[in-house]
Amino acid sequence: MTAPLIVQDEGPASEGPAYEGAAYEGAACEGLLPATRRALLRRVAVGQAEGRAPSLVGAVMRDGRMVWSAGRGSVDGHVPGARTQYRIGSITKTFVAVLVLRLRDEGLIDLGDPLREHLDVPEGGDATIAQLLAHTAGLAAEPRGPWWERTDGALRPELADLFGERPQRHPEGRLFHYSNTGYALLGALVERLRGDDWFEVLRREVLVPLGMDRTTYGPEAPYAPGWAVHPWADVLLPEPAVDTGRMAPAGQLWSTAEDLCRFAAFLLDGDERVLAASSVAEMRSAETAPQGPEWAGAYGLGLQLARRDGRFLFGHTGSMPGFVCTLWVSPAEGVAGVALGNRTNLFEVGPVAADLVGTVAEHEPRLPEPWRPLGPAIPELLALTGPWYWGATAFVLRLEADGGFDLSPAGDGGRGARFRAEGDGTWTGLDGYYAGETLRVVRAEDGSVSHLDIGTFAFTREPYAGEGVPGGVDEGGWRPAAP
């Protein structure tokens, strides 16, 4: 596939299924207001022009489906569309992480297991699976030998061929150090436990159920070729697109804006055919300290976490020679932005995807779900709602539709959390300080409720009242300040 030396064609896309509706407004624009669509289009156009990208595609997912996409520039003489493939680089890692979480949910591994318990590896075996997922295994960032992204994977046919003289750069679990080699090991783990090639496992267990028919191991037309853009002249140099072999789980995949919108919807809400919502939510919990001087980013289990313009985002960036792409999701807004470009080191792509999210959120703020009353309330649970006190600090406990509870401070200060109902009459904390801690109802001898125990902290119906207060309560009770 060839491309013109200097891309100028920004006209309408040609007809046909590969480019259907792919002109400026892309393959989808239903559900967004005209002013929003215009603002989104301008952001993509500015990113392509100022980034000097041969082509750039942007897309927006909202509430589970792609609602807008636009392409700028040229791919083989056509404006690219939502089904034009680009290489997605390290977004591949998030797909591999999904496969690993599936193994965990099936009971085949525990995230705390050292890798050597499941895979015979020359290096990295003492790191836990969770550490490999979160880039805290301490492994070298890159494999040995020449630049792996531009050289054939046949140069490193075995796992032992990935490691140079100093494969362990930091102690396991000490700090975040991004490692492409670590994800090569995770891909090998999937192959070992599934008895099949990692991409075939991915295709069967993730891509097919999610309807991602344009996410592939290698490029399938229509696809964008990778280019390097000269820094001081508007001319192009082709980049190689090699099969990276053992390193493929770190950045091999090709995909489209449309497919990545489907993947974003899955990462937002889960899909029981692939991974439960609770496991997907676990992926976006920070496993590392925030990164950068502003502490604005961190890493979960195969997902990058960021805070931009006060908005929490999760997703991943990806790059390979000739390609850069970004996927960011705002759980608060139910919106994702996708941007894919075909030039090396196109740093403008990252802000484009995040700005698409921000544009939709600002132009069309999410409407709250309609309030609806609960179904028949269980009296025993209803009796637990209302004010509670940790010492003299007031909280309010609210019953939720699924039988869980929401504990919120009644005033300033205090640690709130949501709690999931368990089958044994207890509740488990889902976030904040009480994540993973147990809420129990403690009853007096006559069966009445004495207090709530949350991770050993006693919550009583009145400030420092009742037999459940550790250390007891002074017999003199509350009194004026001493003179």
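The values are calculated or read from the model by the stated rules, or taken from the named source; none is laboratory data. Just so we're clear, the structure is a prediction, and the values are computed from it rather than from any experiment. Positions of Cβ are backbone-derived with ideal geometry, glycine not excepted, and every protein chain shown enters the neighbour counts.
Taking the stretch 183-206 as the range and being out of contact with any helix residue (DSSP H, G or I) (no Cβ under 8 Å at 6 or more places or on another chain) and part of a helix (DSSP H, G or I) as the test, the residues that pass are 192, 200, 203, 204. Outside any helix (DSSP H, G or I), more than 18 Å from the chain's Cα centre (by Cα), free of Cβ contacts under 8 Å to residues at least 12 places away in the same chain and within 22 Å of residue 321 (Cα to Cα): is that true of residue 157 in this structure? Taking the combined requirement at face value, the residue does not satisfy it. Residue pairs whose Cβ atoms lie under 6 Å apart, separated by 6 or more positions or on different chains, with the first residue in the stretch 314-329 and outside the structural domain of residue 283 (by TED's automatic domain parsing) and assigned to a strand (DSSP E or B) and the second buried (at least 24 other Cβ atoms within 10 Å of the Cβ) and small (Gly, Ala, Ser), do not occur.
Quick check on the stretch 330-359: of everything there that is aliphatic (A, V, I, L, M) and without any contact (Cβ under 8 Å) to a residue 60 or more places away in the chain, which residue is farthest from residue 87 (Cα to Cα)?
For the stretch 330-359, the residue satisfying everything is 332.
Given the condition closer than 29 Å to residue 435 by Cα and part of a strand (DSSP E or B), answer yes or no: does some residue in the stretch 269-281 qualify?
yes
Among the conditions (1) surrounded by fewer than 19 Cβ atoms within 10 Å (Cβ to Cβ); (2) under 30 Å from residue 238 (Cα atoms), residue 328 misses just one, which is (1). Scanning the stretch 296-311 for residues that are surrounded by fewer than 21 Cβ atoms within 10 Å (Cβ to Cβ) and touching a Pro at 6+ places or on another chain (Cβ under 7 Å) yields 296, 297.
Figure legend. Inter-residue proximity from the stretch 222-251: first residues within 18 Å of residue 159 (Cα to Cα), second residues among the small types (Gly, Ala, Ser) and at pLDDT 95 or above, beta-carbon distance below 6 Å, spacing 6+ or different chains. Indicated pairs: 246/184; 247/184; 249/184; 249/187; 250/184; 251/89; 251/90. Within the set 208, 190, the sole residue that is surrounded by fewer than 18 Cβ atoms within 10 Å (Cβ to Cβ) and either touching a Leu at 6+ places or on another chain (Cβ under 6 Å) or closer than 18 Å to residue 262 by Cβ (or both) turns out to be 208.
When the residues of the stretch 98-137 are filtered to those that are free of Cβ contacts under 8 Å to residues at least 40 places away in the same chain and of a type in the set (Gly, Ala, Ser), the one that is farthest from residue 184 (Cα to Cα) is 107.
Among the residues of the stretch 232-267, those identified as among the β-branched types (Val, Ile, Thr) and either surrounded by fewer than 24 Cβ atoms within 10 Å (Cβ to Cβ) or within 21 Å of residue 213 (Cβ to Cβ) (or both) are 235, 242, 256.
Acidic (Asp, Glu), in contact with a helix residue (DSSP H, G or I) (Cβ under 8 Å, 6 or more places away or on another chain) and within 23 Å of residue 266 (Cβ to Cβ) - does that describe any residue in the stretch 242-249? Full working, then the answer.
Start the filter on the stretch 242-249 by keeping residues that are acidic (Asp, Glu), which leaves 243.
Still in the running and in contact with a helix residue (DSSP H, G or I) (Cβ under 8 Å, 6 or more places away or on another chain): 243.
The next check asks that each one be within 23 Å of residue 266 (Cβ to Cβ); those that pass are none.
The answer is no; no qualifying residue exists.
Number of residues in the stretch 114-139 that are touching a Leu at 6+ places or on another chain (Cβ under 9 Å) and part of a loop (DSSP other than H, G, I, E, B): the value is 14. Checking 367, 382 one by one, the residue that is under 28 Å from residue 469 (Cβ atoms) and either without any contact (Cβ under 8 Å) to a residue 40 or more places away in the chain or of a type in the set (Gly, Ala, Ser) (or both) is 382 and no other.
Anything in the stretch 400-416 that is in contact with an Asp or Glu (Cβ under 8 Å, 6 or more places away or on another chain) and either at pLDDT 95 or above or at positive phi (or both)? List them, or say none. The one that is in contact with an Asp or Glu (Cβ under 8 Å, 6 or more places away or on another chain) and either at pLDDT 95 or above or at positive phi (or both): 406.
If you go through the stretch 430-470 and pick out every residue that is closer than 17 Å to residue 393 by Cα and either out of contact with any helix residue (DSSP H, G or I) (no Cβ under 8 Å at 6 or more places or on another chain) or part of a helix (DSSP H, G or I) (or both), you end up with 19. Can you find even one residue in the stretch 93-110 that is modelled with pLDDT of 95 or more, in the same structural domain as residue 265 (by TED's automatic domain parsing) and aromatic (Phe, Trp, Tyr)? Yes, there is a match, as at least one residue in the stretch 93-110 is modelled with pLDDT of 95 or more, in the same structural domain as residue 265 (by TED's automatic domain parsing) and aromatic (Phe, Trp, Tyr). Looking at the stretch 170-182, can you tell me whether even one residue there is of a type outside the set (S, T, N, Q), surrounded by 16 or more Cβ atoms within 10 Å (Cβ to Cβ) and not in a loop (DSSP other than H, G, I, E, B)? Looking through the stretch 170-182, at least one residue is of a type outside the set (S, T, N, Q), surrounded by 16 or more Cβ atoms within 10 Å (Cβ to Cβ) and not in a loop (DSSP other than H, G, I, E, B). Within the stretch 396-413, does at least one residue satisfy the condition of being loosely packed, with under 13 Cβ neighbours inside 10 Å and in contact (Cβ under 8 Å) with a residue 24 or more places away in the chain? For the stretch 396-413, residues loosely packed, with under 13 Cβ neighbours inside 10 Å and in contact (Cβ under 8 Å) with a residue 24 or more places away in the chain: present.
Within the stretch 228-277, which residues are among the basic types (Lys, Arg) and over 24 Å from residue 181 (Cβ atoms)? Within the stretch 228-277, 262, 273 meet the criteria.
Working only within the stretch 87-109, note down all residues that are outside any helix (DSSP H, G or I) and either of a type in the set (A, V, I, L, M, F, W, C) or closer than 10 Å to residue 253 by Cβ (or both).
Listed by number, the residues that qualify are 87, 88, 89, 90, 108, 109.
Scanning the stretch 138-158 for residues that are out of contact with any His (no Cβ under 8 Å at 6 or more places or on another chain), surrounded by 19 or more Cβ atoms within 10 Å (Cβ to Cβ) and not acidic (Asp, Glu) gives 140, 143, 148, 156.
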